[in-house]
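Read the structure below first, then the notes.
The values are calculated or read from the model by the stated rules, or taken from the named source; none is laboratory data. For clarity, every value in this text was computed on a predicted model and none was experimentally measured. Cβ sites come from the backbone with ideal geometry, for glycine too, and all protein chains shown count toward neighbours.
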């Protein structure tokens, strides 16, 4: 499974957009999406471990990132709700500078497994949702390679689960816009092939 974070938006690094609708890719984000589509083009169906499906969370920024990837591969984008961003509840749309001043911010960074966003989702619930979605997609595509375009925190949570790392350490994982993170899922368990790749994808092919 090739996890791709969506491209940069006008609020990236400034606001916690969450699931609020109407947030589209910035010009830079569209360029990033085209670039990652070009990188994934060599994984077209029928070429080695060819990509057979492209999934994306329902939000605009993920679907806009997935569109050029699917087009390059001759596929269609399938919306998968399980890949959604964490529900930040009352924190949705607030500036990161403002949120960093809250006492709860330390909990978010150091003890995320014990935190639930006010009127929103917990990190633990988000990870469970993400891992359940991964399991469903893996069962649907046994022996195949797929793309899942999602968001930073859900991808970080999937990586932590694949590595057997406690959720309280998942903030140590960096997932950049339009980076590719590859995890191979098999009967013996997952193998993390690469995290936050922004260059060649050759090293992500299972040996």
If I go through the range 10-28 residue by residue, how many of them are out of contact with any strand residue (DSSP E or B) (no Cβ under 7 Å at 6 or more places or on another chain), in contact (Cβ under 8 Å) with a residue 40 or more places away in the chain and surrounded by fewer than 21 Cβ atoms within 10 Å (Cβ to Cβ)?
6
Would you mind finding the one in 11, 62, 92 that is farther than 17 Å from residue 144 by Cα and under 14 Å from the mean Cα position of the chain (by Cα)?
62
The residue that is farthest from residue 165 (Cα to Cα), considering only those in the range 106-116 that are touching a helix residue (DSSP H, G or I) at 6+ places or on another chain (Cβ under 6 Å) and in a helix (DSSP H, G or I), is 109
Checking the structure you have, find out if any residue of the range 44-60 is touching a strand residue (DSSP E or B) at 6+ places or on another chain (Cβ under 9 Å) and part of a helix (DSSP H, G or I).
no
Any residue at all in the range 142-154 that is in contact with a helix residue (DSSP H, G or I) (Cβ under 9 Å, 6 or more places away or on another chain), at pLDDT 95 or above, assigned to a loop (DSSP other than H, G, I, E, B) and within 27 Å of residue 31 (Cα to Cα)?
yes
Cross-chain or 6+ apart pairs with Cβ under 6 Å, the range 49-61 first and in contact (Cβ under 8 Å) with a residue 60 or more places away in the chain, then part of a loop (DSSP other than H, G, I, E, B):
50/44; 52/45; 52/144; 54/75; 55/80; 57/84
Of those in the range 158-183 that are without any contact (Cβ under 8 Å) to a residue 24 or more places away in the chain and assigned to a loop (DSSP other than H, G, I, E, B), the residue farthest from residue 8 (Cα to Cα) is 164
Across the range 117-134, the tally of residues that are touching a residue at least 12 places away in the same chain (Cβ under 8 Å) and either part of a strand (DSSP E or B) or surrounded by fewer than 15 Cβ atoms within 10 Å (Cβ to Cβ) (or both) stands at 3
